[in-house]
Amino acid sequence: MFKSILVANRGEIACRIMRTAKNMGLRTIAVCSTADEHALHVQNADEAYLIGEAEAASSYLDGDRILQVARDAGAECIHPGYGFLSENAEFSDACKHAGIAFVGPNATAIKAMGLKDRAKALMEDVGVPVVPGIHGSDQSAQDLGEQAEKIGYPILIKAVAGGGGKGMRKVERVQDFSSELAACQREAKNAFGDDVVLLEKFIENPRHIEIQIFGDRFGNYVHLFERDCSLQRRHQKVIEEAPAPGMTQALRKRMGDAAVEAARAVDYHGAGTVEFIVPGSKKLNDETPFYFMEMNTRLQVEHPVTEYITNVDLVEWQLRVAAGEDLPLHQKDLSIRGHSIEVRLYAEDPGNGFLPSPGKIHSLGWPEIASDGLRIDTGIATGGEVSRFYDPMIAKLITRADSRDGAIERMAQALKQTAVLGVKTNAGFLTDLISHEDFGRGSVDTGFIEAHLATLPSLTRNARIDAIAIAARLAWCETDRACEDFSNDTYSPFGQANAWQLGSARITAIEVEIDGVRTTARVNWPQDDAYEVLIADEKFLISDLDMQNPLKASARIDEKPVNFSIVADGETVLVYVAGHHLSIRAYDFLSLEDGAGIGGAIIRAPMTGKLQRLFVAEGDVVAQGDRLAVLEAMKMEHPLVAGISGIVAEIRAAEGEQVSDGDIIIMLEAESVEV
Ligand code: ADP
């Protein structure tokens, strides 16, 4: 066995590989870019080397530099993880020439499977069924168009060099073919530097079922059963599981044998995955057809579900095979125990088109399930950062139980107990999917997410979530915790507990910005520890707020218990509740007012109402943030505050006067400097 390993990757996969390497007694060597100098994979390694700039092209994709580090550090092998250099035939070759073992297949196997058209041709030769379509044909638009008609619409145009769900276009009608083809070729050229495409019959709502295979240098092959990766968004996997729901023994054997044939055809050694598409999604039977899509010549993101059900450490096997050992087990020794599910927790905003949400992680709260039924693979710790330069995955949560229902239940629990503060995540979205009754029934296909997207509750923030966040923010301020930031908070009812207010309505308008959007709530606190929050005509009673441990805070909303986490980030408070991440701060009235114009700030009535109180007179000196007046509108009190420090130049309304929305109430002027 090797004594040292360089992991040419970052994030969770680098950490995961090093975990096994350490267990096996190897010295671990990390590489990192300038964006990752404090990253977890660097901390976890015995040694780490800076290899370049944040852009992957000048660091994690710089094979020469990485090989140089490997030589200098005396690494005996290089594990490429997934992505980056993992399927780069030249790099595999270069390692070989440098006398350093590449933990993966040889360059010939990578090349043979690297392009989708060549791989399909090869599979046809060895009798593995492929998706009906054409590949390797003339690339002229006319020829491809004729082929498309022969296949029959709808068809899928695929870039042969595509990957990661990119470079694919579905065409429904003949009229759209040429424009879609041109677009796909352009995209492919830009993204992969190769505009060759193939055409496939588009299979409606199929399942994606893939087989984990393993080969050694002595021609031994096994498969480690299937993974169902049908839950995808835009052709990218979101939730994976093993075994596939409804899989039959006979179908598993047919698919496993085909996958092993595929591997044998390219003299494959190491871990690989053969991906099949399975039409007629819902019910599998012994005769269900399946078609080869592609082979991934590396460790997959979703490999942990296979590890859980087979009790095999796939990275250990990779290292053994790379070191020249035989496969540790024969096919007959392998069996499935229980069921495993993985979800990919991403820093992204499902409420906003799933845009990546990079940023600092203020706090990461993982579930405390003390059992062998939960595994969390992550490359980020509290204080770390989701970098905009790389894939925004925060972690993979993987559960195992005796039954599928058990694994789902455990995942639902795990997600409930996960709290990420600092960035938006898809945690709520994952919870919705995991708890969906159709998913529970195992009724999954690649169209599942799109079909249900509109009805998933987590995609829209609701008043209930806002109410909890607002009450939490108020209580947070009360506890003095963030009062460095909030003591001058004019908008907090705690900042307004003046005598004059005692006799009047106890309802106060709270103007906050939630995720940058102005939100008005009315807050009434009938008892000391309970808030009645009214948002958009909905009323919520929030009681029993317990924020002793802000990361494990709790309250009751309309008597129902709810857990949340809260942390201050400067003037903003971050609240994580039920999979939602909200950043909430006092509404910035400055952003509304004309602070420049006449050299002062103009304070307008935010809505029609009565100027209940006026605290200043013309000529008074005020500081930015001072409360100048209170407007009462719709039984709410709206504080009007100074946008700038200066002098009250003009007051246009008197106490008790009725004013209209947008009326100028007070004009301030910045104090001029005497010369
Ligand atoms: P990539 O290399 O980009 O991952 P794949 O060929 O593996 O591309 O396909 C990714 C996903 O796209 C599949 O999991 C499946 O959901 C969908 N897909 C691929 N080919 C077809 C097809 N012929 N019909 C319908 N969906 C397909």
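Brief remarks follow.
- Single residue of the stretch 164-184 satisfying the filter (open to solvent by less than 40 Å² (accessible area, probe 1.4 Å) and either free of Cβ contacts under 8 Å to residues at least 40 places away in the same chain or assigned by TED's automatic domain parsing to the domain that holds R234 (or both)) that is nearest to the ligand (Cβ to nearest atom): G167
- When the stretch 388-421 is filtered for residues that are within 23 Å of D36 (Cβ to Cβ) and free of Cβ contacts under 8 Å to residues at least 40 places away in the same chain, only R388 remains.
- Only residues that are β-branched (V, I, T) and at pLDDT below 95 were counted across the stretch 399-415, and they come to 0.
- Hits in the stretch 635-662 - residues which are under 45 Å from the mean Cα position of the chain (by Cα) and either crowded, with 17+ Cβ neighbours inside 10 Å or not assigned by TED's automatic domain parsing to the domain that holds F615 (or both): M636, E637, H638, P639, L640, V641, A642, G643, I644
- Condition check for T399: farther than 30 Å from D257 by Cβ, of a type in the set (S, T, Y) and more than 12 Å from the chain's Cα centre (by Cα): no
- Qualifying residue in the stretch 81-98 (condition: surrounded by fewer than 17 Cβ atoms within 10 Å (Cβ to Cβ) and touching a Cys at 6+ places or on another chain (Cβ under 9 Å)): no
Yes or no, residue by residue, for (1) in contact with a helix residue (DSSP H, G or I) (Cβ under 7 Å, 6 or more places away or on another chain); (2) modelled with pLDDT of 90 or more; (3) polar (S, T, N, Q):
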{"residue": "A141", "(1), (2), (3)": "yes, yes, no"}
{"residue": "G145", "(1), (2), (3)": "yes, yes, no"}
{"residue": "G164", "(1), (2), (3)": "no, no, no"}
{"residue": "K170", "(1), (2), (3)": "no, yes, no"}
{"residue": "S178", "(1), (2), (3)": "yes, yes, yes"}
{"residue": "N190", "(1), (2), (3)": "no, no, yes"}
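- Restricting the stretch 444-466 to residues that are in contact with a Pro (Cβ under 8 Å, 6 or more places away or on another chain) and polar (S, T, N, Q), the residue that is surrounded by the fewest Cβ atoms within 10 Å (Cβ to Cβ): S458
- In the stretch 351-392, the qualifying residues are those that are in contact with a Leu (Cβ under 7 Å, 6 or more places away or on another chain) and over 23 Å from A568 (Cα atoms), and the one that is least open to solvent (accessible area, probe 1.4 Å) is G379.
- So V130, is it within 34 Å of the chain's Cα centre (by Cα), among the β-branched types (V, I, T) and surrounded by fewer than 23 Cβ atoms within 10 Å (Cβ to Cβ): yes
- Residue list for the stretch 396-414, filter: under 14 Å from T378 (Cβ atoms) and buried (at least 24 other Cβ atoms within 10 Å of the Cβ): L397, I398, A414
- Scanning the stretch 267-325 for residues that are within 16 Å of the ligand (Cβ to nearest atom), of a type in the set (K, R) and at pLDDT 95 or above yields a single hit, R298.
- In the stretch 237-252, of all residues being in a loop (DSSP other than H, G, I, E, B) and more than 14 Å from the ligand (Cβ to nearest atom), the one that is surrounded by the fewest Cβ atoms within 10 Å (Cβ to Cβ) corresponds to T248.
- Residue match in the stretch 167-185 (condition: touching a strand residue (DSSP E or B) at 6+ places or on another chain (Cβ under 7 Å) and assigned to a loop (DSSP other than H, G, I, E, B)): yes
- Taken together, T418, T378, T425 contain a single residue that is in the same structural domain as D349 (by TED's automatic domain parsing), at pLDDT 95 or above, in contact with a helix residue (DSSP H, G or I) (Cβ under 7 Å, 6 or more places away or on another chain) and among the hydroxyl-bearing types (S, T, Y), which is T378.
- Among strands (runs of 3 or more DSSP E) entirely within the stretch 508-584, having at least 3 residues that are among the β-branched types (V, I, T) singles out 517-527, 560-569, 572-577.
- Being within 16 Å of the ligand (Cβ to nearest atom) and open to solvent by 20 Å² or more (accessible area, probe 1.4 Å) is a condition met by no residue of the stretch 66-78.
- For the condition touching a residue at least 12 places away in the same chain (Cβ under 8 Å), in contact with a strand residue (DSSP E or B) (Cβ under 7 Å, 6 or more places away or on another chain) and over 24 Å from W317 (Cβ atoms), S33 qualifies.
- Qualifying residue in the stretch 69-92 (condition: out of contact with any helix residue (DSSP H, G or I) (no Cβ under 6 Å at 6 or more places or on another chain), of a type outside the set (G, A, S) and more than 29 Å from E325 (Cα to Cα)): no
- Restricting the stretch 195-213 to residues that are part of a loop (DSSP other than H, G, I, E, B) and not β-branched (V, I, T), the residue that is least open to solvent (accessible area, probe 1.4 Å): P206
- Selection of the stretch 214-236 for residues being within 16 Å of the ligand (Cβ to nearest atom) and crowded, with 21+ Cβ neighbours inside 10 Å yields E226, R227, D228, C229, S230, L231.
The values are calculated or read from the model by the stated rules, or taken from the named source; none is laboratory data. Owing to the predicted nature of the structure, the values given are computational and were not obtained by experimental measurement. Here Cβ is always computed from backbone atoms with ideal geometry, including for glycine, and neighbour counts include all displayed protein chains. Note: areas computed on protein heavy atoms with side chains; ligands, DNA, RNA excluded. Shrake-Rupley method; radii C 1.70, N 1.55, O 1.52, S 1.80 Å.
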